[in-house]
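Comments concern the structure below.
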Amino acid sequence: MEKGNDTVVTEFFLVGLSNYPALQMLLYVLCLLMYLVILLGNSVLIIISILDPCLHNPMYFFLGNLSFLDICYTSSSIPKMLINFMSERKSISFIGCALQMVISLGLGCTECILLSVMAFDRYVAICNPLRYTIIMNKGLCVQMAAWTWTIGLLNSFAHTMLAMMMPFCGNIIDHLTCEILALLKLICGDVSLNVFIIMVGSIFFLIMPLILIFFSYIFILSTILRINSREGRRKAFSTCSAHLTVVILFYGSALFMYMKPQTKDTKLFDELFGLSYWVITPMLNPIIYSLRNKEVKEGVKKVFIRNLYLRTM
């Protein structure tokens, strides 16, 4: 369909990587395995954060939110992608595409804010330990989490509605999912407003949270260096090292994927890197928190070993 002849679209075709059938088969197996690891790893973190009383504090409350977010984020796109990998008709309905875009974009924005909220939590815990339980009380934590989810989803809903109401000149999306930048290429009309809102949203949801995280860790590092005992410094840093690793992984991938120049020569690499960003980061989050956090490892032992012991009695 040529540009300028808009038509009524009832479905879209996701043709990303269609020219590489052998690669799609390999990716199908890898993505399926990683998706199962995502579901298992993040579910375990949610379960132990609920069942272990020692983990009933703000840090693990937000970690449970992050794990639930990662499950929802990957489930919005990976199952449909796996189906399309094995199907000749790689289609998605108009409503399905809109829902996929609302959920994936919304949860991506939510994670940006949630990571900055978790950085603030670590700042209060290390820089104001005596007032930590007063400042980070249960009511404030619930409100912060609720606003994080609400703002992210409202932003994605606005982006999606604005894009879906525009006239389309085609229905072939050269991407693996209903990604908003790929969808904008099919619109016949002027998309300058869409692009402007996306740019503003990128500043609000990507740059500003990153700045807040950066300054939080400057204060955290300054406080840690003033601790006299070596053991005290090690313990203080260990409480935020897992979060810092997740931040570097998430924002490093996001900035590389969205800020680098787009060229036709790197299209295959862009799609593969985007796929790894959707799958690998949510898969590594529970692994990082399990390996680098003693309380999580102890929680896993207590919850699951106790249940196994009770079952054998």
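The values are calculated or read from the model by the stated rules, or taken from the named source; none is laboratory data. As the structure is a computational prediction, the values presented were derived from the model and not from experiment. For neighbour counting, all protein chains shown are included, and Cβ atoms are generated from backbone atoms with ideal geometry for every residue, glycine included. The accessibility values were calculated without ligands, DNA or RNA, using every heavy atom of the protein model including side chains. Shrake-Rupley method; radii C 1.70, N 1.55, O 1.52, S 1.80 Å.
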### Query
Listed residues 69, 105, 99; which is of a type in the set (A, V, I, L, M, F, W, C) and open to solvent by less than 40 Å² (accessible area, probe 1.4 Å)?
69
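Regarding residue 115, is this residue open to solvent by less than 40 Å² (accessible area, probe 1.4 Å), in contact with a strand residue (DSSP E or B) (Cβ under 7 Å, 6 or more places away or on another chain) and assigned to a helix (DSSP H, G or I)?
Answer is no for this residue.
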### Query
What about residue 148, is it open to solvent by less than 20 Å² (accessible area, probe 1.4 Å) and within 16 Å of the chain's Cα centre (by Cα)?
yes
### Message
I need a count of the residues in the stretch 149-197 that are without any contact (Cβ under 8 Å) to a residue 60 or more places away in the chain and polar (S, T, N, Q).
### Response
5
### Query
Restricting attention to the stretch 195-205, which residues are open to solvent by 20 Å² or more (accessible area, probe 1.4 Å) and touching a helix residue (DSSP H, G or I) at 6+ places or on another chain (Cβ under 6 Å)?
none
## Note on the structure
Of the residues in the stretch 78-92, those that are touching a Ser or Thr at 6+ places or on another chain (Cβ under 7 Å) and surrounded by fewer than 22 Cβ atoms within 10 Å (Cβ to Cβ) come to none
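Conditions (1) part of a helix (DSSP H, G or I); (2) at pLDDT 90 or above; (3) surrounded by fewer than 20 Cβ atoms within 10 Å (Cβ to Cβ), marked per residue:
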{"residue": "120", "(1), (2), (3)": "yes, yes, yes"}
{"residue": "125", "(1), (2), (3)": "yes, no, no"}
{"residue": "140", "(1), (2), (3)": "yes, yes, yes"}
{"residue": "156", "(1), (2), (3)": "yes, yes, no"}
{"residue": "163", "(1), (2), (3)": "yes, no, no"}
### Message
As an exercise: evaluate residue 235 against (1) modelled with pLDDT of 80 or more; (2) part of a helix (DSSP H, G or I); (3) surrounded by 12 or more Cβ atoms within 10 Å (Cβ to Cβ) and give the number of the one condition it does not meet.
### Response
(1)
#### Entry: Close pairs from the stretch 227-244: first aromatic (Phe, Trp, Tyr), partner assigned to a helix (DSSP H, G or I), Cβ under 8 Å, at least 6 apart
237/224
### Message
Please go through the stretch 48-65 and give me each residue that is under 18 Å from residue 145 (Cα atoms), out of contact with any Asp or Glu (no Cβ under 7 Å at 6 or more places or on another chain) and assigned to a helix (DSSP H, G or I), ordered by number.
### Response
49, 50, 60, 61, 63, 64, 65
### Subset of the stretch 180-194 [buried (at least 19 other Cβ atoms within 10 Å of the Cβ) and not aliphatic (A, V, I, L, M)]
194
### Query
Looking at (1) hydroxyl-bearing (Ser, Thr, Tyr); (2) open to solvent by 50 Å² or more (accessible area, probe 1.4 Å); (3) under 15 Å from residue 175 (Cα atoms), can you tell me which one residue 18 breaks?
(2)
#### Entry: Test: residue 50 is among the β-branched types (Val, Ile, Thr) and open to solvent by 80 Å² or more (accessible area, probe 1.4 Å)
yes
### Message
As an exercise: evaluate residue 40 against (1) open to solvent by 100 Å² or more (accessible area, probe 1.4 Å); (2) modelled with pLDDT under 85 and give the number of the one condition it does not meet.
### Response
(2)
### Summary
(1) in a helix (DSSP H, G or I); (2) at pLDDT 85 or above all hold for residue 23 apart from (2)
